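Chemist: One structure is given below, represented as C-alpha coordinates, and several questions about it will come after.
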Ligand code: HEM
(Lines give C-alpha, C1' and ligand atoms only; values in the text may rest on other atoms or scores of the structure.)
Protein backbone atom coordinates (compact mmCIF):
# COMPACT_ATOMS: atom_id res chain seq x y z
CA UNK A 1 0.00 0.00 0.00
CA UNK A 2 1.22 3.49 -0.78
CA UNK A 3 -0.94 5.93 1.14
CA UNK A 4 -0.07 9.63 1.21
CA UNK A 5 1.76 10.99 4.25
CA UNK A 6 0.06 13.85 6.09
CA UNK A 7 1.69 16.40 8.41
CA UNK A 8 0.26 16.71 11.92
CA UNK A 9 0.87 19.64 14.29
CA UNK A 10 4.41 21.01 14.68
CA UNK A 11 6.24 19.79 17.74
CA UNK A 12 7.18 23.18 19.25
CA UNK A 13 9.91 21.73 21.47
CA UNK A 14 11.90 20.00 18.73
CA UNK A 15 10.77 22.07 15.75
CA UNK A 16 9.91 18.84 13.89
CA UNK A 17 6.65 18.06 12.17
CA UNK A 18 5.02 14.77 13.06
CA UNK A 19 3.39 12.92 10.19
CA UNK A 20 0.91 10.11 9.74
CA UNK A 21 -0.27 8.03 6.81
CA UNK A 22 -3.75 8.30 5.37
CA UNK A 23 -5.20 5.11 6.81
CA UNK A 24 -8.83 5.57 7.76
CA UNK A 25 -9.05 1.91 8.77
CA UNK A 26 -6.54 2.55 11.56
CA UNK A 27 -8.81 2.82 14.60
CA UNK A 28 -5.92 4.17 16.70
CA UNK A 29 -5.77 7.24 14.45
CA UNK A 30 -9.25 8.04 15.78
CA UNK A 31 -8.44 7.03 19.35
CA UNK A 32 -5.51 9.50 19.24
CA UNK A 33 -7.79 12.22 17.81
CA UNK A 34 -5.56 12.68 14.74
CA UNK A 35 -8.28 11.95 12.18
CA UNK A 36 -9.25 15.63 11.78
CA UNK A 37 -5.79 16.45 10.40
CA UNK A 38 -5.96 13.56 7.92
CA UNK A 39 -9.48 14.43 6.79
CA UNK A 40 -8.55 18.12 6.39
CA UNK A 41 -5.65 17.05 4.17
CA UNK A 42 -7.93 14.86 2.08
CA UNK A 43 -10.48 17.68 1.69
CA UNK A 44 -7.74 19.91 0.38
CA UNK A 45 -5.70 17.49 -1.74
CA UNK A 46 -7.75 14.36 -2.55
CA UNK A 47 -11.44 15.15 -1.92
CA UNK A 48 -12.53 11.99 -3.77
CA UNK A 49 -9.94 9.44 -2.71
CA UNK A 50 -9.61 5.76 -3.66
CA UNK A 51 -8.53 4.37 -0.29
CA UNK A 52 -6.80 0.99 -0.30
CA UNK A 53 -8.72 -1.53 1.84
CA UNK A 54 -6.88 -3.82 4.25
CA UNK A 55 -8.69 -6.88 3.02
CA UNK A 56 -7.95 -6.11 -0.63
CA UNK A 57 -9.61 -3.77 -3.10
CA UNK A 58 -10.44 -0.23 -2.16
CA UNK A 59 -13.21 2.09 -1.09
CA UNK A 60 -13.90 5.70 -2.06
CA UNK A 61 -13.62 8.40 0.57
CA UNK A 62 -15.74 11.56 0.17
CA UNK A 63 -14.67 14.34 2.51
CA UNK A 64 -16.10 17.63 1.19
CA UNK A 65 -19.47 18.89 2.48
CA UNK A 66 -20.94 19.31 -0.99
CA UNK A 67 -19.98 15.79 -2.14
CA UNK A 68 -21.08 14.13 1.10
CA UNK A 69 -24.44 15.92 1.09
CA UNK A 70 -25.22 15.06 -2.53
CA UNK A 71 -24.23 11.42 -2.06
CA UNK A 72 -26.56 11.20 0.98
CA UNK A 73 -29.36 12.59 -1.16
CA UNK A 74 -28.78 10.45 -4.25
CA UNK A 75 -30.27 7.24 -2.98
CA UNK A 76 -30.97 6.02 -6.51
CA UNK A 77 -27.22 6.12 -7.26
CA UNK A 78 -25.88 5.06 -3.86
CA UNK A 79 -27.39 1.97 -2.27
CA UNK A 80 -27.56 1.32 1.47
CA UNK A 81 -27.91 -2.43 1.05
CA UNK A 82 -24.18 -2.96 1.65
CA UNK A 83 -24.68 -1.88 5.30
CA UNK A 84 -23.58 1.43 6.82
CA UNK A 85 -20.28 0.19 8.30
CA UNK A 86 -17.16 -0.85 6.36
CA UNK A 87 -16.57 -4.54 6.99
CA UNK A 88 -19.77 -4.65 9.07
CA UNK A 89 -20.95 -7.68 7.17
CA UNK A 90 -18.75 -10.48 5.98
CA UNK A 91 -17.74 -8.32 3.00
CA UNK A 92 -20.72 -9.62 1.06
CA UNK A 93 -21.82 -7.01 -1.43
CA UNK A 94 -25.27 -7.23 0.11
CA UNK A 95 -25.33 -6.98 3.89
CA UNK A 96 -27.19 -9.81 5.63
CA UNK A 97 -29.60 -7.10 6.86
CA UNK A 98 -30.17 -5.75 3.33
CA UNK A 99 -33.82 -4.95 2.73
CA UNK A 100 -34.73 -6.14 6.21
CA UNK A 101 -33.29 -3.44 8.48
CA UNK A 102 -34.36 0.17 7.95
CA UNK A 103 -30.86 1.60 7.61
CA UNK A 104 -29.77 -1.14 5.19
CA UNK A 105 -32.77 -0.89 2.86
CA UNK A 106 -33.31 0.84 -0.46
CA UNK A 107 -36.60 1.98 -1.91
CA UNK A 108 -39.32 0.81 -2.08
CA UNK A 109 -38.76 -1.40 1.01
CA UNK A 110 -37.19 1.51 2.90
CA UNK A 111 -40.33 3.66 2.57
CA UNK A 112 -42.53 0.88 3.97
CA UNK A 113 -40.24 0.22 6.93
CA UNK A 114 -39.85 3.93 7.63
CA UNK A 115 -43.64 4.19 7.95
CA UNK A 116 -43.49 1.49 10.61
CA UNK A 117 -40.88 3.52 12.55
CA UNK A 118 -42.54 6.94 12.33
CA UNK A 119 -45.12 6.48 15.16
CA UNK A 120 -42.30 5.52 17.54
CA UNK A 121 -41.25 9.17 17.45
CA UNK A 122 -44.68 10.76 18.02
CA UNK A 123 -44.78 13.86 20.28
CA UNK A 124 -46.16 11.88 23.25
CA UNK A 125 -43.18 9.50 23.02
CA UNK A 126 -40.73 12.41 22.85
CA UNK A 127 -42.30 13.88 26.00
CA UNK A 128 -41.98 10.54 27.77
CA UNK A 129 -38.31 10.26 26.72
CA UNK A 130 -37.62 13.79 27.96
CA UNK A 131 -39.27 13.15 31.36
CA UNK A 132 -37.48 9.83 31.87
CA UNK A 133 -34.05 11.20 30.98
CA UNK A 134 -34.51 14.33 33.08
CA UNK A 135 -35.36 12.12 36.04
CA UNK A 136 -32.31 9.84 35.58
CA UNK A 137 -29.86 12.64 34.79
CA UNK A 138 -31.07 14.76 37.71
CA UNK A 139 -30.31 11.84 40.05
CA UNK A 140 -26.90 11.22 38.49
CA UNK A 141 -26.00 14.93 38.65
CA UNK A 142 -27.04 15.07 42.32
CA UNK A 143 -24.68 12.17 43.10
CA UNK A 144 -21.88 13.88 41.14
CA UNK A 145 -22.37 17.11 43.09
CA UNK A 146 -22.22 15.20 46.38
CA UNK A 147 -19.06 13.35 45.31
CA UNK A 148 -17.38 16.41 43.79
CA UNK A 149 -16.90 14.69 40.42
CA UNK A 150 -17.54 11.63 38.30
CA UNK A 151 -16.64 9.82 35.11
CA UNK A 152 -19.22 11.56 32.95
CA UNK A 153 -18.87 8.94 30.18
CA UNK A 154 -19.87 6.01 32.37
CA UNK A 155 -22.28 7.52 34.89
CA UNK A 156 -24.24 10.40 33.36
CA UNK A 157 -23.93 9.95 29.58
CA UNK A 158 -25.14 6.35 29.67
CA UNK A 159 -28.39 7.48 31.32
CA UNK A 160 -29.38 9.14 28.03
CA UNK A 161 -29.88 5.96 26.00
CA UNK A 162 -31.08 4.13 29.12
CA UNK A 163 -33.84 6.70 29.61
CA UNK A 164 -34.76 6.62 25.92
CA UNK A 165 -34.99 2.81 25.94
CA UNK A 166 -37.10 2.83 29.12
CA UNK A 167 -39.59 5.20 27.52
CA UNK A 168 -39.55 3.76 23.99
CA UNK A 169 -39.29 0.04 24.73
CA UNK A 170 -41.02 0.03 28.11
CA UNK A 171 -38.17 -1.78 29.86
CA UNK A 172 -36.83 -1.24 33.39
CA UNK A 173 -33.65 0.64 34.29
CA UNK A 174 -31.52 -2.50 34.70
CA UNK A 175 -32.77 -4.01 31.44
CA UNK A 176 -32.13 -0.72 29.61
CA UNK A 177 -28.54 -0.73 30.87
CA UNK A 178 -28.19 -4.34 29.78
CA UNK A 179 -29.13 -3.29 26.22
CA UNK A 180 -26.72 -0.33 26.40
CA UNK A 181 -23.96 -2.71 27.53
CA UNK A 182 -24.66 -5.04 24.59
CA UNK A 183 -24.60 -2.32 21.93
CA UNK A 184 -21.58 -0.72 23.60
CA UNK A 185 -19.67 -3.98 23.19
CA UNK A 186 -20.78 -4.41 19.60
CA UNK A 187 -19.78 -0.88 18.55
CA UNK A 188 -16.64 -1.16 20.70
CA UNK A 189 -15.71 -4.53 19.15
CA UNK A 190 -12.13 -3.33 18.62
CA UNK A 191 -11.70 -1.71 22.04
CA UNK A 192 -10.26 -3.66 24.99
CA UNK A 193 -12.32 -1.44 27.34
CA UNK A 194 -15.36 -3.44 26.28
CA UNK A 195 -14.25 -6.76 24.77
CA UNK A 196 -11.46 -9.28 24.60
CA UNK A 197 -9.77 -8.16 21.38
CA UNK A 198 -7.88 -11.38 20.71
CA UNK A 199 -9.13 -13.78 18.02
CA UNK A 200 -10.84 -13.21 14.71
CA UNK A 201 -12.38 -9.75 14.54
CA UNK A 202 -15.21 -10.66 12.14
CA UNK A 203 -16.27 -13.64 14.25
CA UNK A 204 -16.19 -11.44 17.36
CA UNK A 205 -18.44 -8.87 15.72
CA UNK A 206 -20.88 -11.55 14.55
CA UNK A 207 -21.01 -13.05 18.03
CA UNK A 208 -21.64 -9.64 19.64
CA UNK A 209 -24.44 -9.03 17.14
CA UNK A 210 -25.93 -12.40 18.06
CA UNK A 211 -25.96 -11.43 21.74
CA UNK A 212 -28.15 -8.45 20.80
CA UNK A 213 -30.47 -10.67 18.74
CA UNK A 214 -30.77 -13.11 21.66
CA UNK A 215 -31.75 -10.30 24.01
CA UNK A 216 -34.39 -8.97 21.63
CA UNK A 217 -35.69 -12.46 20.79
CA UNK A 218 -36.61 -12.83 24.48
CA UNK A 219 -38.14 -9.36 24.62
CA UNK A 220 -40.20 -9.98 21.45
CA UNK A 221 -41.44 -13.30 22.88
CA UNK A 222 -42.61 -11.60 26.03
CA UNK A 223 -44.25 -8.69 24.15
CA UNK A 224 -46.13 -11.11 21.89
CA UNK A 225 -47.90 -12.38 25.02
CA UNK A 226 -48.75 -8.86 26.13
CA UNK A 227 -48.68 -6.21 23.41
CA UNK A 228 -48.38 -2.58 24.47
CA UNK A 229 -47.70 0.85 22.97
CA UNK A 230 -43.90 0.48 22.95
CA UNK A 231 -41.61 0.33 19.91
CA UNK A 232 -41.19 -3.47 20.03
CA UNK A 233 -44.97 -3.98 20.11
CA UNK A 234 -45.27 -1.57 17.17
CA UNK A 235 -42.86 -3.71 15.15
CA UNK A 236 -44.83 -6.86 16.04
CA UNK A 237 -48.17 -5.23 15.12
CA UNK A 238 -46.85 -3.67 11.90
CA UNK A 239 -48.23 -4.78 8.55
CA UNK A 240 -46.21 -4.23 5.39
CA UNK A 241 -48.08 -5.02 2.17
CA UNK A 242 -50.76 -6.51 4.42
CA UNK A 243 -48.36 -8.97 6.04
CA UNK A 244 -46.68 -8.94 9.46
CA UNK A 245 -42.92 -8.50 9.55
CA UNK A 246 -41.04 -11.81 9.73
CA UNK A 247 -39.38 -12.46 13.11
CA UNK A 248 -35.92 -11.76 11.65
CA UNK A 249 -37.01 -8.29 10.46
CA UNK A 250 -38.49 -7.46 13.85
CA UNK A 251 -35.16 -8.38 15.43
CA UNK A 252 -33.06 -6.49 12.88
CA UNK A 253 -35.11 -3.36 13.45
CA UNK A 254 -35.00 -3.64 17.25
CA UNK A 255 -31.26 -3.78 16.75
CA UNK A 256 -31.34 -0.76 14.42
CA UNK A 257 -33.17 1.26 17.07
CA UNK A 258 -30.80 0.23 19.84
CA UNK A 259 -27.54 0.52 17.91
CA UNK A 260 -28.74 3.71 16.17
CA UNK A 261 -29.61 5.41 19.40
CA UNK A 262 -27.45 4.08 22.21
CA UNK A 263 -23.88 5.02 21.43
CA UNK A 264 -24.58 8.10 19.33
CA UNK A 265 -26.42 10.26 21.84
CA UNK A 266 -24.31 9.37 24.87
CA UNK A 267 -21.02 9.87 23.04
CA UNK A 268 -22.29 13.19 21.62
CA UNK A 269 -22.97 14.32 25.19
CA UNK A 270 -19.38 13.43 26.15
CA UNK A 271 -17.88 15.29 23.18
CA UNK A 272 -20.15 18.25 23.88
CA UNK A 273 -19.16 18.48 27.52
CA UNK A 274 -15.47 18.19 26.63
CA UNK A 275 -15.89 20.98 24.05
CA UNK A 276 -17.49 23.20 26.69
CA UNK A 277 -14.71 22.47 29.17
CA UNK A 278 -12.07 23.24 26.54
CA UNK A 279 -13.88 26.44 25.52
CA UNK A 280 -14.52 28.25 28.82
CA UNK A 281 -15.96 31.34 27.09
CA UNK A 282 -18.67 29.20 25.48
CA UNK A 283 -19.30 27.43 28.82
CA UNK A 284 -19.61 30.82 30.62
CA UNK A 285 -21.97 32.14 27.95
CA UNK A 286 -24.21 29.08 28.24
CA UNK A 287 -24.35 29.30 32.03
CA UNK A 288 -25.17 33.01 31.80
CA UNK A 289 -27.77 32.57 29.04
CA UNK A 290 -29.46 29.17 29.14
CA UNK A 291 -31.54 30.27 26.12
CA UNK A 292 -28.39 29.51 24.05
CA UNK A 293 -28.89 25.80 24.72
CA UNK A 294 -30.79 25.05 21.48
CA UNK A 295 -27.95 26.41 19.35
CA UNK A 296 -25.35 24.80 21.62
CA UNK A 297 -26.93 21.36 21.06
CA UNK A 298 -26.70 21.85 17.27
CA UNK A 299 -23.05 22.85 17.59
CA UNK A 300 -22.40 19.86 19.85
CA UNK A 301 -23.89 17.62 17.15
CA UNK A 302 -21.72 19.22 14.43
CA UNK A 303 -18.62 19.22 16.59
CA UNK A 304 -18.92 15.62 17.74
CA UNK A 305 -20.13 14.04 14.45
CA UNK A 306 -20.26 10.81 16.37
CA UNK A 307 -21.29 8.74 13.35
CA UNK A 308 -18.05 9.44 11.47
CA UNK A 309 -19.10 8.00 8.10
CA UNK A 310 -21.66 5.82 6.40
CA UNK A 311 -21.03 3.39 3.58
CA UNK A 312 -22.88 3.12 0.29
CA UNK A 313 -22.34 1.10 -2.89
CA UNK A 314 -22.66 2.65 -6.34
CA UNK A 315 -25.59 1.30 -8.33
CA UNK A 316 -24.14 2.65 -11.59
CA UNK A 317 -21.03 4.39 -12.87
CA UNK A 318 -20.93 7.97 -11.64
CA UNK A 319 -18.39 10.78 -11.74
CA UNK A 320 -17.61 12.88 -8.68
CA UNK A 321 -14.93 15.57 -8.66
CA UNK A 322 -13.41 14.21 -11.87
CA UNK A 323 -13.11 10.66 -10.51
CA UNK A 324 -14.98 7.77 -12.07
CA UNK A 325 -16.75 5.67 -9.46
CA UNK A 326 -17.78 2.37 -10.97
CA UNK A 327 -20.95 0.39 -10.40
CA UNK A 328 -20.46 -1.83 -7.34
CA UNK A 329 -17.72 0.34 -5.78
CA UNK A 330 -17.90 0.97 -2.03
CA UNK A 331 -18.22 4.67 -1.22
CA UNK A 332 -17.84 6.19 2.24
CA UNK A 333 -19.44 9.54 3.14
CA UNK A 334 -17.41 11.19 5.92
CA UNK A 335 -19.85 13.40 7.85
CA UNK A 336 -17.15 14.19 10.42
CA UNK A 337 -15.12 15.76 7.62
CA UNK A 338 -18.06 17.49 5.90
CA UNK A 339 -18.90 19.07 9.26
CA UNK A 340 -15.43 20.67 9.41
CA UNK A 341 -15.40 21.88 5.80
CA UNK A 342 -14.45 25.58 5.78
CA UNK A 343 -16.36 26.02 2.53
CA UNK A 344 -19.57 25.40 4.47
CA UNK A 345 -18.66 26.35 8.04
CA UNK A 346 -16.52 29.48 8.54
CA UNK A 347 -14.03 28.85 11.38
CA UNK A 348 -15.01 25.20 11.16
CA UNK A 349 -12.42 24.18 13.76
CA UNK A 350 -13.89 26.49 16.37
CA UNK A 351 -16.71 25.47 18.72
CA UNK A 352 -19.23 28.31 18.39
CA UNK A 353 -22.45 27.71 20.30
CA UNK A 354 -24.43 30.41 18.48
CA UNK A 355 -23.21 29.37 15.02
CA UNK A 356 -25.78 30.29 12.40
CA UNK A 357 -26.50 28.82 9.96
CA UNK A 358 -25.42 25.39 11.18
CA UNK A 359 -26.51 22.88 8.54
CA UNK A 360 -24.46 19.97 9.84
CA UNK A 361 -24.84 16.48 8.43
CA UNK A 362 -24.45 14.63 11.72
CA UNK A 363 -27.84 13.00 11.18
CA UNK A 364 -27.15 12.33 7.50
CA UNK A 365 -29.57 13.65 4.89
CA UNK A 366 -32.14 12.41 2.38
CA UNK A 367 -34.35 9.37 2.86
CA UNK A 368 -32.15 7.77 5.55
CA UNK A 369 -31.80 10.96 7.61
CA UNK A 370 -31.78 9.81 11.23
CA UNK A 371 -35.34 8.90 12.19
CA UNK A 372 -34.31 9.33 15.85
CA UNK A 373 -32.97 12.89 15.45
CA UNK A 374 -35.80 14.36 17.52
CA UNK A 375 -35.13 11.86 20.32
CA UNK A 376 -31.41 12.66 20.21
CA UNK A 377 -32.24 16.34 20.50
CA UNK A 378 -34.52 15.74 23.48
CA UNK A 379 -31.80 13.61 25.13
CA UNK A 380 -29.02 16.16 24.71
CA UNK A 381 -31.23 19.06 25.74
CA UNK A 382 -32.32 17.21 28.90
CA UNK A 383 -28.73 16.32 29.81
CA UNK A 384 -27.27 19.79 29.36
CA UNK A 385 -30.32 21.47 30.97
CA UNK A 386 -29.63 19.44 34.09
CA UNK A 387 -26.14 20.99 34.27
CA UNK A 388 -26.97 24.51 33.08
CA UNK A 389 -30.08 24.99 35.24
CA UNK A 390 -27.98 24.27 38.33
CA UNK A 391 -25.08 26.41 37.12
CA UNK A 392 -22.78 23.36 37.29
CA UNK A 393 -19.25 24.09 36.08
CA UNK A 394 -17.00 21.09 35.44
CA UNK A 395 -13.29 20.76 34.70
CA UNK A 396 -11.22 17.80 33.57
CA UNK A 397 -10.00 15.56 36.37
CA UNK A 398 -7.91 13.07 34.38
CA UNK A 399 -7.07 11.80 30.91
CA UNK A 400 -9.84 11.48 28.34
CA UNK A 401 -9.99 8.09 26.62
CA UNK A 402 -11.46 7.72 23.14
CA UNK A 403 -13.05 4.64 21.62
CA UNK A 404 -10.97 2.53 19.22
CA UNK A 405 -13.38 2.92 16.32
CA UNK A 406 -13.40 4.76 13.01
CA UNK A 407 -17.19 4.43 12.71
CA UNK A 408 -18.46 5.78 16.02
CA UNK A 409 -16.35 8.54 17.58
CA UNK A 410 -16.84 7.70 21.23
CA UNK A 411 -15.40 8.66 24.58
CA UNK A 412 -14.90 5.76 26.96
CA UNK A 413 -13.71 7.84 29.90
CA UNK A 414 -14.28 11.51 30.74
CA UNK A 415 -13.30 12.15 34.37
CA UNK A 416 -14.62 15.53 35.58
CA UNK A 417 -14.46 17.54 38.79
CA UNK A 418 -17.08 20.00 40.02
CA UNK A 419 -15.65 23.53 40.16
CA UNK A 420 -16.91 25.52 43.16
C1 LIG B 1 -26.61 12.16 18.33
C2 LIG B 1 -27.33 11.10 18.10
C3 LIG B 1 -27.47 10.44 16.74
C4 LIG B 1 -26.69 10.54 15.63
C5 LIG B 1 -25.40 11.37 15.44
C6 LIG B 1 -27.28 9.68 14.62
C7 LIG B 1 -26.79 9.54 13.32
C8 LIG B 1 -27.48 8.89 12.31
C9 LIG B 1 -27.11 8.92 10.92
C10 LIG B 1 -25.89 9.62 10.32
C11 LIG B 1 -28.04 8.18 10.24
C12 LIG B 1 -28.09 7.95 8.73
C13 LIG B 1 -27.49 6.61 8.35
C14 LIG B 1 -27.37 6.45 6.85
O15 LIG B 1 -27.64 7.38 6.10
O16 LIG B 1 -26.96 5.34 6.44
C17 LIG B 1 -28.97 7.66 11.21
C18 LIG B 1 -30.02 6.83 10.91
C19 LIG B 1 -30.80 6.21 11.89
N20 LIG B 1 -30.81 6.49 13.24
FE21 LIG B 1 -29.68 7.88 14.16
N22 LIG B 1 -28.36 9.07 15.15
C23 LIG B 1 -28.53 9.52 16.44
C24 LIG B 1 -29.53 9.15 17.31
C25 LIG B 1 -30.48 8.20 17.09
C26 LIG B 1 -31.49 7.77 18.03
C27 LIG B 1 -31.66 8.35 19.43
C28 LIG B 1 -32.18 6.74 17.44
C29 LIG B 1 -33.32 5.92 17.97
C30 LIG B 1 -33.95 6.10 19.08
C31 LIG B 1 -31.63 6.56 16.11
C32 LIG B 1 -32.05 5.63 15.20
C33 LIG B 1 -31.71 5.66 13.85
C34 LIG B 1 -32.32 4.79 12.85
C35 LIG B 1 -33.37 3.71 13.11
C36 LIG B 1 -31.74 5.15 11.62
C37 LIG B 1 -32.06 4.58 10.25
C38 LIG B 1 -32.94 5.57 9.47
C39 LIG B 1 -33.18 5.17 8.03
O40 LIG B 1 -32.39 4.42 7.47
O41 LIG B 1 -34.20 5.62 7.48
N42 LIG B 1 -30.61 7.46 15.93
N43 LIG B 1 -28.62 8.12 12.46
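The values are calculated or read from the model by the stated rules, or taken from the named source; none is laboratory data. Worth saying up front: this structure is predicted, and the values here are computed from it rather than measured. Counting neighbours? That spans all protein chains shown, and the Cβs are built from the backbone with ideal geometry, glycine included.
Chemist: Residues 100, 114, 109: which one is surrounded by 18 or more Cβ atoms within 10 Å (Cβ to Cβ), within 16 Å of the ligand (Cβ to nearest atom), more than 20 Å from residue 263 (Cα to Cα) and at pLDDT 95 or above?
Modeler: Numbers: 100 fails: at pLDDT 95 or above; 114 fails: surrounded by 18 or more Cβ atoms within 10 Å (Cβ to Cβ).
Only one candidate passes the filter, namely 109.
Chemist: Moving on to the next point. In this structure, does residue 363 turn out to be under 24 Å from residue 406 (Cα atoms), away from the ligand (no atom under 12 Å from the Cβ) and at pLDDT 95 or above?
Modeler: Taking the combined requirement at face value, the residue does not satisfy it.
Chemist: Now, a different point. Could you identify the single residue in 147, 138 that is touching a residue at least 60 places away in the same chain (Cβ under 8 Å) and out of contact with any strand residue (DSSP E or B) (no Cβ under 8 Å at 6 or more places or on another chain)?
Modeler: 138
Chemist: Output the residues belonging to segment 126-139 that are within 21 Å of the chain's Cα centre (by Cα) and under 18 Å from residue 258 (Cα atoms).
Modeler: 126, 129, 130, 133
Chemist: Considering each residue of segment 244-276, count those that are in contact with a strand residue (DSSP E or B) (Cβ under 7 Å, 6 or more places away or on another chain) and not in a helix (DSSP H, G or I), and give that number.
Modeler: Total satisfying the criteria: 0.
Chemist: I need a count of the residues in segment 277-316 that are part of a helix (DSSP H, G or I) and without any contact (Cβ under 8 Å) to a residue 12 or more places away in the chain.
Modeler: Residues flagged as part of a helix (DSSP H, G or I) and without any contact (Cβ under 8 Å) to a residue 12 or more places away in the chain within segment 277-316 amount to 5.
Chemist: Which of the residues spanning segment 96-124 are in contact with a strand residue (DSSP E or B) (Cβ under 9 Å, 6 or more places away or on another chain) and over 23 Å from residue 169 (Cβ atoms)?
Modeler: 98, 106, 109
Chemist: Just to be sure, is residue 296 surrounded by fewer than 21 Cβ atoms within 10 Å (Cβ to Cβ), under 28 Å from residue 263 (Cβ atoms), within 25 Å of the chain's Cα centre (by Cα) and at pLDDT 95 or above?
Modeler: Against the criterion (surrounded by fewer than 21 Cβ atoms within 10 Å (Cβ to Cβ), under 28 Å from residue 263 (Cβ atoms), within 25 Å of the chain's Cα centre (by Cα) and at pLDDT 95 or above), residue 296 does not qualify.
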